[in-house]
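Trainee: Here it is: the structure, laid out below.
The values are calculated or read from the model by the stated rules, or taken from the named source; none is laboratory data. None of the values given here were measured: they were computed from a predicted structure. As a convention, Cβ positions derive from the backbone with ideal geometry for all residues, glycine included, and neighbour counts pool all protein chains shown.
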């Protein structure tokens, strides 16, 4: 492959690359003679050695007819592998240049700052990644997010959402950093590479875009969606009380003015319904992780009930070792437990829903801090928070990768 | 079940779980009302052991062993034990906290307090500010003692409002306005936003606060304000 890159400086229009399948020693001999003949300016990318291996030859346009006639005359099977080398290399060069430009843009993106909705992630985060070693990253304008995939159809997948509660800015800021980190580490870090080689990762960076925009324009402490509640001056539904898991039960309010209003019915909020529909139609999610702030907690289901889930022991164990990994960076301490036992009984939560539809590895993070700054975490803590959280998240994802079900 | 006034049931609590955490939170507010200052604020960093006993007549008593430190002065952690009694009743009443605080780390802050007091007791002093910290977590260095002072004052309210179903924190100082010094006490009008983690509500309180190095922090008046609908409801 490196030979292709080196040759991009030459004019290669209508040059082709032929793949030749020698079937006998005689064929091999003939191909060796072809290689020795400098007149046709052939460039053998792989050398004739054995009938087991194909022989790839770059043939200049001027020599194409002659070479093909030669191969046909001796009944040596071949086919055109690359139809126009220049075109292919132009594409690749464009890709490299685009990639370099995106990387420059991404490096000038300030991961250590809070951004508005329109500028929340590096420009063309997804395009930057697409050309790298076949790691496909698809993104959409709204809600901001990324899908990391190295191909395959409906591979086992991991769902991660950030910013479902709009005032929890460090959740979104951390997700942006982690998306960039995951892309950078692919092809470099063996664990991330093997993870993305087997599983797809869906990362929703601003899961409540309307709320997030509102925290910038009007009310920094806004938590909910911005949907209109008929008959009330108060807007918005708590998107983490709106899931179909013990919906309408304890720990959620029926008052539209409340910050924990569950909404008129389960999945009434488009922000929630979109995720539900995606996860259900995909049908192959193996983990569901929700990122919130603040309190420094790593929790698993249930919130709607204080009964232990069947997989409680395993989830607790994974949670504890994830927290150990997280703490290893800066000594930040986290508590681990079910939502109901650690903070409160709360019905209609996302990870309760995901667990109950069969996604065993369901977790919720509450990031820094423990109350000193609370929702108003200084920007200089974004990267430290994201870096340590990444270690915990990575641990969970590796565990999911290694424990298929 | 048992005679009136006798202890009924004793239950060990997981110190990481919410019952113990909420009680520890109330203790933190209590300590700050006693010992907090523009230059000293305490945080309960960890509950190590917790136990409850239902007191038939009076309410629910918690026994805690915990660690606490002054995070403004960056003191070392102190390990203490405390009893918290949440009273029985229909209306809100603050928990009663009993402990001995002789071992609480109290770093020497008198020089800082004096300097601060001198500066702002000048006749023309009229400090004012809003959104502390701002949306991005920034606080002007000069405003930090006022932020600390707000947290101490807020602790009085948070303690008053605490029960087994609350977990209060001060989320932000919405407004601060210095008023005329009276009786050698600096006085401030504060508007603070409290966050109750259990209900997830943001609650606005107006506080009239006085302070001097000798007088300590006093909350003279409190007023509960309606939640701000910051833009008109039609938007």
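Trainee: Could you please give the count of residues in region A:253-268 that are surrounded by fewer than 23 Cβ atoms within 10 Å (Cβ to Cβ) and more than 14 Å from chain B (Cβ to nearest Cβ)?
Mentor: Total satisfying the criteria: 5.
Trainee: Can you tell me which residue is farthest from the other protein chains (Cβ to nearest Cβ) among those in region B:176-185 that are surrounded by fewer than 18 Cβ atoms within 10 Å (Cβ to Cβ) and within 17 Å of residue B:223 (Cβ to Cβ)?
Mentor: Per the stated criteria, the residue is B:179.
Trainee: Still on this structure, please answer the following. What's the number of the only condition in (1) more than 9 Å from chain B (Cβ to nearest Cβ); (2) crowded, with 23+ Cβ neighbours inside 10 Å; (3) over 26 Å from the mean Cα position of the chain (by Cα) that residue A:331 fails to meet?
Mentor: In the conditions (1) more than 9 Å from chain B (Cβ to nearest Cβ); (2) crowded, with 23+ Cβ neighbours inside 10 Å; (3) over 26 Å from the mean Cα position of the chain (by Cα), residue A:331 misses (2) alone.
Trainee: Let me ask something else. Would you please name the residue that is surrounded by the most Cβ atoms within 10 Å (Cβ to Cβ), looking only at residues in region B:156-171 that are within 12 Å of chain A (Cβ to nearest Cβ) and under 9 Å from the mean Cα position of the chain (by Cα)?
Mentor: Restricting attention to region B:156-171, the residues satisfying the condition of being within 12 Å of chain A (Cβ to nearest Cβ) are B:158, B:164-171.
If we keep only those that are under 9 Å from the mean Cα position of the chain (by Cα) too, we end up with B:158, B:168-170.
Numbers: B:158: 29, B:168: 25, B:169: 23, B:170: 23.
Across region B:156-171, the extreme among qualifying residues is B:158.
Trainee: In contact with a helix residue (DSSP H, G or I) (Cβ under 9 Å, 6 or more places away or on another chain) and either in a strand (DSSP E or B) or without any contact (Cβ under 8 Å) to a residue 60 or more places away in the chain (or both): does that describe residue B:152?
Mentor: no
Trainee: Assess whether residue B:115 counts as being part of a helix (DSSP H, G or I), closer than 22 Å to residue B:215 by Cβ and free of Cβ contacts under 8 Å to residues at least 24 places away in the same chain.
Mentor: Yes.
Trainee: Across region A:194-213, what is the total count of residues that are more than 13 Å from residue A:274 (Cβ to Cβ) and touching a strand residue (DSSP E or B) at 6+ places or on another chain (Cβ under 9 Å)?
Mentor: 7
Trainee: OK, next. Which of the residues spanning region A:48-79 are out of contact with any helix residue (DSSP H, G or I) (no Cβ under 9 Å at 6 or more places or on another chain), surrounded by 12 or more Cβ atoms within 10 Å (Cβ to Cβ) and more than 22 Å from residue A:38 (Cβ to Cβ)?
Mentor: Hits for region A:48-79 are A:53, A:54.
Trainee: Still on this structure: Of everything in region B:186-205, what is surrounded by 19 or more Cβ atoms within 10 Å (Cβ to Cβ), out of contact with any helix residue (DSSP H, G or I) (no Cβ under 6 Å at 6 or more places or on another chain) and part of a strand (DSSP E or B)? Give them in sequence order.
Mentor: Residues satisfying the conditions are B:188, B:191, B:193, B:194, B:195, B:196, B:202, B:203.
Trainee: Restricting to region A:211-245, what's the tally of residues that are out of contact with any helix residue (DSSP H, G or I) (no Cβ under 8 Å at 6 or more places or on another chain) and either part of a helix (DSSP H, G or I) or more than 14 Å from chain B (Cβ to nearest Cβ) (or both)?
Mentor: So the answer is 3.
Trainee: Another question, if that's okay. With within 11 Å of chain A (Cβ to nearest Cβ), within 30 Å of residue B:115 (Cα to Cα) and modelled with pLDDT of 95 or more as the only criterion, which of B:37, B:75, B:43 stands out?
Mentor: Only one candidate qualifies: B:43.
Trainee: On to the next question. Taking the residues in region A:328-360 that are in a loop (DSSP other than H, G, I, E, B) and touching a helix residue (DSSP H, G or I) at 6+ places or on another chain (Cβ under 7 Å) as candidates, determine which candidate is nearest to residue A:288 (Cα to Cα).
Mentor: A:349
Trainee: State the number of residues belonging to region A:290-303 that are crowded, with 24+ Cβ neighbours inside 10 Å and within 14 Å of residue A:323 (Cβ to Cβ).
Mentor: Counting residues in region A:290-303 that are crowded, with 24+ Cβ neighbours inside 10 Å and within 14 Å of residue A:323 (Cβ to Cβ) gives 3.
Trainee: Right, another one. Is at least one residue of region A:361-379 within 13 Å of chain B (Cβ to nearest Cβ), under 24 Å from the mean Cα position of the chain (by Cα) and in a helix (DSSP H, G or I)?
Mentor: The answer is yes; a qualifying residue exists.
Trainee: Return the pair list, or none, for Cβ contacts closer than 8 Å from residues in region A:271-295 that are closer than 12 Å to residue A:207 by Cα to residues that are assigned to a strand (DSSP E or B) and at pLDDT below 95, at least 6 apart or on different chains.
Mentor: Once the first residue is closer than 12 Å to residue A:207 by Cα and sits in region A:271-295, its partners that are assigned to a strand (DSSP E or B) and at pLDDT below 95 give A:275/A:204.
Trainee: Can you tell which of A:58, A:47 is in a loop (DSSP other than H, G, I, E, B), in contact with a strand residue (DSSP E or B) (Cβ under 9 Å, 6 or more places away or on another chain) and under 26 Å from residue A:88 (Cβ atoms)? Can you show your working first?
Mentor: Numbers: A:58 fails: in a loop (DSSP other than H, G, I, E, B).
Just one listed residue meets the conditions, A:47.
Trainee: Can you tell which of A:379, A:364 is out of contact with any strand residue (DSSP E or B) (no Cβ under 9 Å at 6 or more places or on another chain), closer than 23 Å to residue A:173 by Cβ and at pLDDT 95 or above?
Mentor: Details: A:364 fails: out of contact with any strand residue (DSSP E or B) (no Cβ under 9 Å at 6 or more places or on another chain).
Selected residue: A:379, the only one of A:379, A:364 that is out of contact with any strand residue (DSSP E or B) (no Cβ under 9 Å at 6 or more places or on another chain), closer than 23 Å to residue A:173 by Cβ and at pLDDT 95 or above.
Trainee: Sticking with this structure for a sec: Residues being farther than 14 Å from residue A:366 by Cα, more than 13 Å from chain B (Cβ to nearest Cβ) and surrounded by 14 or more Cβ atoms within 10 Å (Cβ to Cβ): count how many of those fall in region A:309-323.
Mentor: Number of matching residues: 7.
Trainee: Could you tell me whether region B:124-138 includes any residue that is within 14 Å of chain A (Cβ to nearest Cβ), modelled with pLDDT of 95 or more, assigned to a helix (DSSP H, G or I) and touching a strand residue (DSSP E or B) at 6+ places or on another chain (Cβ under 9 Å)?
Mentor: Within region B:124-138 (the criterion being within 14 Å of chain A (Cβ to nearest Cβ), modelled with pLDDT of 95 or more, assigned to a helix (DSSP H, G or I) and touching a strand residue (DSSP E or B) at 6+ places or on another chain (Cβ under 9 Å)), the answer is no, since none of the residues qualifies.
Trainee: Based on what the data block shows, is residue A:141 modelled with pLDDT of 55 or more and either outside any helix (DSSP H, G or I) or in contact with a helix residue (DSSP H, G or I) (Cβ under 6 Å, 6 or more places away or on another chain) (or both)?
Mentor: The answer is no for residue A:141.
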